[in-house]
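The next block holds one structure in the form of structure tokens; read it before the comments.
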Amino acid sequence: MNIHTPLISIIIPVYNSSSFILNTLASLHAQSYKNFEIIIINDGSTDNSIDIIKKYQSKNNNIILYNQENKGVSVARNKGIELSNGEFLTFLDSDDTYSPVFLEKMLCKQFEENADLVYCGYNRISSSGRVTIVPCLFKEGSILDSYLQRNGYFHFSGMLIRKTILIDNYIYFEEGRVISEDLLFTVKLLNKSDCYCVKEHLFNYVQRSDSVMSSYWSENKWLADIEGRKKILSYLIVKYHKKDKEEILKLASTCVFQREISYLIDCLKKMHYEKVKCYLKKNDFHTRIEFIGDSMLNNKDWKKYKILKKDNKLIWFFYTLYYRFFRLNIKIF
């Protein structure tokens, strides 16, 4: 298929990425589609990432390098949008990779549909190198409902985005957020445009053991993640105006509720019972299930909710014992 050759800007935030950035850049160098620029935002790295990038830049004339003090990945990505010259954008983390035909196939689909958004499936690669193909329904059109249900999930780094949809609708990453910063960004995109897909797994998401999502989940991390999902709900209450709004709000509310359940169950496992009681009381937890409806929770979350609903320290204690001395022992042996 003959396609026009618009410039694509690939935005990569970098922070202490010396051990893997060359692998990421190699996957871009291998692209079959060549009309792209790489915008690297060095977010205050303290290792030798900048030296590696400068050496690579000296041999490749399509790299824009910008240095800033450490301000976080959201600020870095927003700066990348500001510096970009492309008609289309992609966002790639400094340890992830694209298939050699990612740009070509994504742009072909864009050209076929005159699409603002194109996505593909992705692979999850563990720290040991094990590759898992993440199931994807490859739904097209309005897919916000599927995204909120995590039904046929895709990764925002596996998207080709028309830059004007970001500029015209003032869609940027929320600065200051260090976890789940891509969720609200993606929801805003899906609210403003239909999606089309390449039905292949062309993006590789690498799970490192020291990443934010893989490392130990502290209370602050749990609460920040819940707050991020509450912001999605608040945004949709104000900005979503389609006829299925009630259903979308139920899905967004369920996303919050499920994350709260996970956090509170984590507290039970740590025997933080007073913290659970305080959260249940302050957040009007039990009354919100009436709006969501029983059917919105999967069986696993519904069982956890029933344990929380008991609001009884003795029952919670026996749950803690079950988790610590029965389930964990099964996993070990």
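Of all residues in region 163-210, those being buried (at least 19 other Cβ atoms within 10 Å of the Cβ), within 12 Å of the chain's Cα centre (by Cα) and hydroxyl-bearing (Ser, Thr, Tyr) number 2.
With the structure loaded, tell me whether Asp244 is within 18 Å of the chain's Cα centre (by Cα) and among the charged types (D, E, K, R) or whether it fails that test.
Values: within 18 Å of the chain's Cα centre (by Cα): no; among the charged types (D, E, K, R): yes.
It is false that Asp244 is within 18 Å of the chain's Cα centre (by Cα) and among the charged types (D, E, K, R).
Only residues that are farther than 21 Å from Asn191 by Cβ and either surrounded by fewer than 18 Cβ atoms within 10 Å (Cβ to Cβ) or in contact with a helix residue (DSSP H, G or I) (Cβ under 9 Å, 6 or more places away or on another chain) (or both) were counted across region 121-162, and they come to 13.
Conditions (1) hydrophobic (A, V, I, L, M, F, W, C); (2) under 23 Å from Asp225 (Cα atoms); (3) touching a helix residue (DSSP H, G or I) at 6+ places or on another chain (Cβ under 8 Å); (4) in the same structural domain as Ser234 (by TED's automatic domain parsing), marked per residue:
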{"residue": "Ile265", "(1), (2), (3), (4)": "yes, yes, yes, yes"}
{"residue": "Asp284", "(1), (2), (3), (4)": "no, yes, no, yes"}
{"residue": "Met296", "(1), (2), (3), (4)": "yes, yes, yes, yes"}
{"residue": "Tyr305", "(1), (2), (3), (4)": "no, yes, yes, yes"}
{"residue": "Lys313", "(1), (2), (3), (4)": "no, no, yes, yes"}
{"residue": "Trp316", "(1), (2), (3), (4)": "yes, no, yes, yes"}
{"residue": "Arg324", "(1), (2), (3), (4)": "no, no, yes, yes"}
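Checked against (1) outside any helix (DSSP H, G or I); (2) in contact with a helix residue (DSSP H, G or I) (Cβ under 6 Å, 6 or more places away or on another chain), Gly176 passes all but a single condition, namely (2). Return yes when Ser128 is at pLDDT below 95 and at negative phi and no when it is not. Taking the combined requirement at face value, the residue satisfies it.
The set of residues from region 118-144 being over 16 Å from the mean Cα position of the chain (by Cα) and farther than 14 Å from Lys199 by Cβ comprises Ser126, Ser127, Ser128, Gly129, Arg130, Val131, Thr132, Gly141, Ser142.
Scanning region 277-303 for residues being under 27 Å from the mean Cα position of the chain (by Cα), surrounded by 14 or more Cβ atoms within 10 Å (Cβ to Cβ) and in a helix (DSSP H, G or I) gives a total of 7. Being under 26 Å from Leu103 (Cβ atoms), at pLDDT 90 or above and touching a Ser or Thr at 6+ places or on another chain (Cβ under 7 Å) holds for only one residue in Asp182, Asp194, and it is Asp194.
State yes or no: is His272 closer than 24 Å to Lys303 by Cα and out of contact with any helix residue (DSSP H, G or I) (no Cβ under 6 Å at 6 or more places or on another chain)? Reasoning before the result, please.
On the way: closer than 24 Å to Lys303 by Cα: yes; out of contact with any helix residue (DSSP H, G or I) (no Cβ under 6 Å at 6 or more places or on another chain): yes.
So His272 fits the description; yes.
For the residues Tyr170, Tyr205, the requirement of being part of a loop (DSSP other than H, G, I, E, B) and either hydroxyl-bearing (Ser, Thr, Tyr) or assigned by TED's automatic domain parsing to the domain that holds Lys230 (or both) singles out Tyr170. Filtering Val73, Val118, Val101 for residues that are surrounded by fewer than 19 Cβ atoms within 10 Å (Cβ to Cβ), β-branched (Val, Ile, Thr) and in the same structural domain as Leu25 (by TED's automatic domain parsing) leaves a single hit, Val101.
Does Asp210 fit the bill of being charged (D, E, K, R) and at pLDDT 95 or above? Steps first, please.
Numbers: charged (D, E, K, R): yes; at pLDDT 95 or above: no.
Considered against the rule, which asks whether it is charged (D, E, K, R) and at pLDDT 95 or above, Asp210 comes out as no.
Within region 221-270, how many residues are outside any helix (DSSP H, G or I) and basic (Lys, Arg)?
Residues in region 221-270 being outside any helix (DSSP H, G or I) and basic (Lys, Arg): 3 in total.
Considering the conditions (1) within 29 Å of Gly72 (Cβ to Cβ); (2) surrounded by fewer than 21 Cβ atoms within 10 Å (Cβ to Cβ), Thr254 is excluded by exactly one of them, (2).
Asn329 meets the conditions (1) within 19 Å of Glu227 (Cβ to Cβ); (2) assigned to a helix (DSSP H, G or I); (3) modelled with pLDDT under 80; (4) not β-branched (Val, Ile, Thr) in every case but one. The failed one is (1). Cβ-Cβ contacts under 6 Å between residues 6 or more apart (or on different chains), taken from a first residue in region 192-209 that is in contact (Cβ under 8 Å) with a residue 60 or more places away in the chain to a second residue that is part of a strand (DSSP E or B) and among the charged types (D, E, K, R), are listed as Tyr205/Arg124.
The values are calculated or read from the model by the stated rules, or taken from the named source; none is laboratory data. All values derive from a computational prediction rather than experimental measurement. Because the Cβ atoms are built from the backbone with ideal geometry, glycine has one as well, and the counts that use them run over all protein chains shown.
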